[in-house]
Amino acid sequence: MTDVGFTLGKFAPFHKGHEYLIRTALEHVKQLIVVIYPCKELAHISLNHRANWIRALFPQVTVIEAKNGPQVQGYTQQIMDIQNRFLSSLLKDYKFDYFFSSEPYGEHVSKALNCQDFRVDMHREHVPISATQIRQNIIQHKHFLSTEVYVDLFKKVVLLGAPSTGKSTLAAALAKRYETQWVEEYGREYWLEHQVDRRLSPEQLLHIAQMQNQWEDEQLKHANQFLICDTNAFTTWHFALHYHGKALPELEALAQQSWQRYDLVVLCDDSIPYDDTWERSGDANRKEFQQFLIDYMHKHNKPYILAKGDLQQRLKIVSKALEHLENQHQGQTETDWN
């Protein structure tokens with residue numbers, strides 16, 4: 001078998017129907033090219049990230065990111081000509097035997113690239129799902145998604161703030177409101193068990209950050225729409241500075257990467273009464289920690305919202321931000337180039 005084939009789509013998200021199409025194609029060709037287009041439907045997930053879903057699940061295929069792919073869809077002659085010219089230019093170095101698709105555009109694309117039109121599951125009988133259906137209700141259709149894709153479709157919310165700013169209380173309340181999971185602070189119990197003179201070693205702090213990320217990844221598999229995180233690696237990095245004046249390079253890297261892990265950063269205000277438990281180091285230290293966070297986020301242009309007031313007021317503030325986030329990222333319609 002020496003045949004070469006290709007397929008294309010936005011894969012927003014990449015689901016079991018797309019997997020079925022690619023597996024079918026691989027049964028008929030030795031080499032398969034997958035062209036992936038930009039899209040608005042999953043604005044919070046980059047083109048490269050969507051492409052990497054395919055690379056991870058099908059490492060034997062070649063994925064081409066069509067960064068300048070046309071955004072017009074439809075079957076007017078003008079639109080079909082635009083699409084065909086773009087693909088002919090993009091794939092000019094290839095000679096194809098088959099074009100695999102599940103859409104009517106298979107006819108004009110295969111003619112433009114002088115290859116055979118091969119339709120796969122046109123009526124969605126083998127895999128009865130579309131990307132639009134999944135975007136409208138991810139939980140209901142989660143069985144049509146691989147774990148690699150599923151965990152990327154949720155909005156991740158992290159709560160920051162100095163000790164005793166109500167992070168855990170707000171996290172639990174948000175999880176209850178949205179019937180989802182929240183990730184507790186791994187470092188709290190670890191500190192109680194392992195601290196020596198109220199300190200942890202640089203290696204122990206790195207361990208905390210690594211485990212916090214692992215806890216997040218595991219809980220995300222069971223989340224519903226949102227995952228609420230009580231803290232993150234940046235907070236652990238801050239404690240390393242407080243304890244030792246510096247952090248291990250690995251922890252430094254996790255702290256910087258943490259700003260890309262979340263869709264919403266919430267700073268819990270320090271105006272609530274200080275809960276002076278034995279493991280905490282006083283209200284003055286709380287103010288110092290809080291100001292460090294504020295100064296850092298302003299200096300480095302890190303967007304965040306401030307949750308202040310009592311619990312109900314904080315819930316209202318965060319819920320409004322989450323509603324805006326959903327509206328901003330919600331795909332509206334399925335297009336032909338799915």
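The values are calculated or read from the model by the stated rules, or taken from the named source; none is laboratory data. These numbers were taken from a predicted model, which means no experiment stands behind them. Quick reminder, even Gly has a Cβ in these numbers, built from the backbone with ideal geometry, and neighbours come from all protein chains shown. To get the accessible areas, we keep the full protein, side chains included, count just its heavy atoms, and leave off ligands, DNA and RNA. Shrake-Rupley method; radii C 1.70, N 1.55, O 1.52, S 1.80 Å.
Close contacts from the stretch 215-240, counting a first residue that is farther than 18 Å from T147 by Cβ and modelled with pLDDT of 90 or more and a second that is of a type in the set (K, R) and surrounded by fewer than 16 Cβ atoms within 10 Å (Cβ to Cβ), with Cβ to Cβ under 9 Å and a gap of 6+ residues or different chains, come to D230/R188; T231/R188; A240/K246.
So which residues in the stretch 222-239 are of a type outside the set (G, A, S) and more than 11 Å from Y262 (Cβ to Cβ)?
Looking only at the stretch 222-239, we keep the residues that are of a type outside the set (G, A, S), and these are 222, 224-232, 234-239.
The answer is H222, N224, Q225, D230, T231, T235, T236, W237, H238, F239.
Here P13 fits the description: under 28 Å from the mean Cα position of the chain (by Cα) and buried (at least 20 other Cβ atoms within 10 Å of the Cβ). Against the conditions (1) under 23 Å from L293 (Cα atoms); (2) surrounded by fewer than 15 Cβ atoms within 10 Å (Cβ to Cβ), E184 satisfies every one except (2).
Please specify each residue of the stretch 295-310 satisfying the condition of being open to solvent by 70 Å² or more (accessible area, probe 1.4 Å) and in a loop (DSSP other than H, G, I, E, B). Within the stretch 295-310, H300, N301, P303, K308, D310 qualify. Check whether at least one residue in the stretch 80-87 is in a loop (DSSP other than H, G, I, E, B) and surrounded by fewer than 17 Cβ atoms within 10 Å (Cβ to Cβ), and report yes or no. Checked the stretch 80-87: no residue is in a loop (DSSP other than H, G, I, E, B) and surrounded by fewer than 17 Cβ atoms within 10 Å (Cβ to Cβ). Scanning the stretch 22-50 for residues that are modelled with pLDDT of 95 or more and of a type in the set (S, T, N, Q) returns T24, Q31.
Return a yes/no flag: does the stretch 5-20 have any residue that is among the aliphatic types (A, V, I, L, M) and either touching a Cys at 6+ places or on another chain (Cβ under 6 Å) or closer than 30 Å to K155 by Cα (or both). I'd like the intermediate steps shown before the answer.
Of the stretch 5-20, the ones among the aliphatic types (A, V, I, L, M) are 8, 12.
Applying the additional criterion that residues be either touching a Cys at 6+ places or on another chain (Cβ under 6 Å) or closer than 30 Å to K155 by Cα (or both) yields 8, 12.
Yes, because at least one residue in the stretch 5-20 is among the aliphatic types (A, V, I, L, M) and either touching a Cys at 6+ places or on another chain (Cβ under 6 Å) or closer than 30 Å to K155 by Cα (or both).
Please go through the stretch 16-57 and pick out each residue that is under 21 Å from E326 (Cα atoms) and either open to solvent by 10 Å² or more (accessible area, probe 1.4 Å) or not charged (D, E, K, R) (or both).
First, pick out the residues of the stretch 16-57 that are under 21 Å from E326 (Cα atoms): 38-47, 49-50.
Once the filter is applied, which keeps residues that are under 21 Å from E326 (Cα atoms) and either open to solvent by 10 Å² or more (accessible area, probe 1.4 Å) or not charged (D, E, K, R) (or both), the stretch 16-57 yields P38, C39, K40, E41, L42, A43, H44, I45, S46, L47, H49.
Among the listed residues S101, S146, which satisfies the condition of being polar (S, T, N, Q) and within 17 Å of P13 (Cβ to Cβ)? Exactly one of S101, S146 is polar (S, T, N, Q) and within 17 Å of P13 (Cβ to Cβ), namely S146.
With open to solvent by 40 Å² or more (accessible area, probe 1.4 Å) and under 19 Å from the mean Cα position of the chain (by Cα) as the only criterion, which of N224, N213 stands out?
Values: N213 fails: open to solvent by 40 Å² or more (accessible area, probe 1.4 Å).
That would be N224, the only listed residue that is open to solvent by 40 Å² or more (accessible area, probe 1.4 Å) and under 19 Å from the mean Cα position of the chain (by Cα).
Q60 falls short on exactly one of the conditions (1) buried (at least 16 other Cβ atoms within 10 Å of the Cβ); (2) under 13 Å from V34 (Cα atoms), and that condition is (1). Among the residues making up the stretch 1-49, those that are hydrophobic (A, V, I, L, M, F, W, C) and touching a His at 6+ places or on another chain (Cβ under 6 Å) are F11, A43.
Output the residues belonging to the stretch 54-79 that are part of a helix (DSSP H, G or I) and touching a strand residue (DSSP E or B) at 6+ places or on another chain (Cβ under 9 Å). Once the filter is applied, which keeps residues that are part of a helix (DSSP H, G or I) and touching a strand residue (DSSP E or B) at 6+ places or on another chain (Cβ under 9 Å), the stretch 54-79 yields I54, R55.
With respect to A175, determine if the residue is out of contact with any helix residue (DSSP H, G or I) (no Cβ under 9 Å at 6 or more places or on another chain), small (G, A, S) and open to solvent by less than 10 Å² (accessible area, probe 1.4 Å). Walk me through how you get there before you give the answer.
Values: out of contact with any helix residue (DSSP H, G or I) (no Cβ under 9 Å at 6 or more places or on another chain): yes; small (G, A, S): yes; open to solvent by less than 10 Å² (accessible area, probe 1.4 Å): yes.
Spelling it out, A175 is indeed out of contact with any helix residue (DSSP H, G or I) (no Cβ under 9 Å at 6 or more places or on another chain), small (G, A, S) and open to solvent by less than 10 Å² (accessible area, probe 1.4 Å).
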